[in-house]
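The values are calculated or read from the model by the stated rules, or taken from the named source; none is laboratory data. Not measured: the values here are computed from a predicted model. Methodologically, a virtual Cβ is constructed for each residue, glycine included, from the backbone with ideal geometry; neighbour enumeration extends over all protein chains shown. Remember, those area values only see protein heavy atoms, side chains included, never the ligands or the DNA or RNA. Shrake-Rupley method; radii C 1.70, N 1.55, O 1.52, S 1.80 Å.
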Amino acid sequence: MEQYNHSSVTEFVLLGFPKVGHIRGWLFVLLLVAYLFTIGGNTLIFLVIRLDAALHKPMYHFVSVLSFLELWYTATTIPKMLANLLSEKKTISFAGCLLQTYFFHSLGASECYLLTAMAYDRYLAICRPLHYPIIMTSTLCAKMAAGCWTCGFLCPISEIILVSQLPFCDYNEIQHIFCDFPPLLSLACKDTSTNVLVDFAINAFIILVTFLFIMASYGRIIGAVLKIKTVAGRKKAFSTCASHLIVVLIFFGSIIFMYVRLKKSYSLTLDRTLAVVYSVLTPLANPIIYSLRNKELIKAIKRTIFRKGEKASPTHH
């Protein structure tokens, strides 16, 4: 049996996007533009919803929390990706790697719970419209949002503790674009079947339970919408849900394939591709999807911009 040198690993090398060669500069520019747009779009939506009294409704409260979450979610991985594209030394400390993994999974789990809360909000608004204002109060909205963040940040603790106790070999190159559980487990010098099983159980519970709850909510919503007699009424009712459903399908579609599995990895290329979808493209798409499909939000953005413009313009007498 091959003997490993169980030396204490103090840092890892993030291989990131291998074999990009001469297009590395273009990839950096593309990722930087995507990141700046993500920051700008999500910050704009967050501030407009907070500043415009017309949007102080439960649905928009959750959208603003999602935009705020996306700012931190992308900040855990994309700046390091950008730095690695420019630098020859692509190292990250052992503690830094664990912290990146923890915050990425904490915020990812928080997003799962938040998207579930948003589905419940839409279910109440469409299926129980008379009770909706009584049930979905601002206090309940705040408690639900706080619950999403709290549960999200508690979820990965056991996984992080288990990974931190693993012995790692001299080979310290992470075959991924950021630190994550599957590529870290593949570097361990001992059997990691317990870690894989714990990861699978936690991820399956968080991802599948929340996704099934969302789909069940939409099953009830679609049933209620189809009972509306007018086409205009049906269109109006479902338009409030369409943006959320698109975000759910993109986000959950990629993370289910990545994390609800009993293998460490299917394919390094597939893992990297899926990682780009849920860590870069979903946060980038959120402000586009929510703003383009929501007339009320578009009007509020215009009001806010023009109001700022009027204040900035000097008054001539």
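Some values worked out for this structure:
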{"item": "Subset of region 181-193 that is open to solvent by 10 Å² or more (accessible area, probe 1.4 Å) and either in a helix (DSSP H, G or I) or not small (Gly, Ala, Ser) (or both) - its residue that is nearest to Leu245 (Cα to Cα)", "result": "Pro182"}
{"item": "Unmet criterion (only one of (1) among the aliphatic types (A, V, I, L, M); (2) exposed (fewer than 14 other Cβ atoms within 10 Å of the Cβ); (3) without any contact (Cβ under 8 Å) to a residue 12 or more places away in the chain) for Leu86", "result": "(3)"}
{"item": "Helices (runs of 4 or more DSSP H) contained entirely in region 203-300, each with at least 3 residues that are open to solvent by 80 Å² or more (accessible area, probe 1.4 Å) and closer than 17 Å to Leu115 by Cα", "result": "209-226"}
{"item": "Evaluation of Phe94 against (1) open to solvent by 30 Å² or more (accessible area, probe 1.4 Å); (2) more than 13 Å from Leu14 (Cβ to Cβ) (one fails), failing number", "result": "(2)"}
{"item": "Which listed residue is among the hydrophobic types (A, V, I, L, M, F, W, C) and in contact with a Phe, Trp or Tyr (Cβ under 6 Å, 6 or more places away or on another chain), from Cys141, Cys155, Cys127, Cys148", "result": "Cys148"}
{"item": "Residue check for Val196: farther than 16 Å from Tyr120 by Cα, open to solvent by less than 60 Å² (accessible area, probe 1.4 Å), at pLDDT 85 or above and assigned to a helix (DSSP H, G or I)", "result": "yes"}
{"item": "Residue check for Gly96: farther than 30 Å from Met144 by Cα and either free of Cβ contacts under 8 Å to residues at least 60 places away in the same chain or assigned to a helix (DSSP H, G or I) (or both)", "result": "yes"}
{"item": "Test: residue in region 75-92 that is hydrophobic (A, V, I, L, M, F, W, C) and outside any helix (DSSP H, G or I)", "result": "yes"}
{"item": "Cβ-Cβ under 9 Å pairs, at least 6 apart or on other chains, region 137-156 side under 9 Å from Ala109 (Cα atoms), far side open to solvent by 60 Å² or more (accessible area, probe 1.4 Å)", "result": "Phe153/Phe103; Cys155/Phe205; Pro156/Phe103"}
{"item": "Close pairs (7 angstrom Cβ cut-off, 6 or more residues apart or separate chains): closer than 19 Å to Thr77 by Cβ and open to solvent by less than 10 Å² (accessible area, probe 1.4 Å) in region 168-180, of a type outside the set (A, V, I, L, M, F, W, C) and part of a loop (DSSP other than H, G, I, E, B) anywhere", "result": "Ile177/Gly16; Phe178/Thr77"}
{"item": "Test: residue in region 62-74 that is farther than 29 Å from Asp121 by Cβ and of a type in the set (A, V, I, L, M, F, W, C)", "result": "no"}
{"item": "Members of region 120-136 found to be open to solvent by 50 Å² or more (accessible area, probe 1.4 Å) and within 16 Å of Tyr60 (Cβ to Cβ), listed by number", "result": "Tyr120, Pro133"}
{"item": "From Leu14, Leu27, residue being open to solvent by less than 50 Å² (accessible area, probe 1.4 Å), in contact with a His (Cβ under 9 Å, 6 or more places away or on another chain) and closer than 15 Å to Asn84 by Cβ", "result": "Leu14"}
{"item": "Lone unmet requirement of (1) of a type in the set (A, V, I, L, M); (2) modelled with pLDDT of 85 or more; (3) touching a helix residue (DSSP H, G or I) at 6+ places or on another chain (Cβ under 7 Å) for Val13", "result": "(3)"}
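Each row is one residue, and each column tells you yes or no for (1) open to solvent by 80 Å² or more (accessible area, probe 1.4 Å); (2) touching a residue at least 40 places away in the same chain (Cβ under 8 Å); (3) touching a Gly at 6+ places or on another chain (Cβ under 7 Å).
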site	(1), (2), (3)
His22	yes, no, no
Phe46	no, no, no
His61	no, yes, no
Thr101	no, yes, no
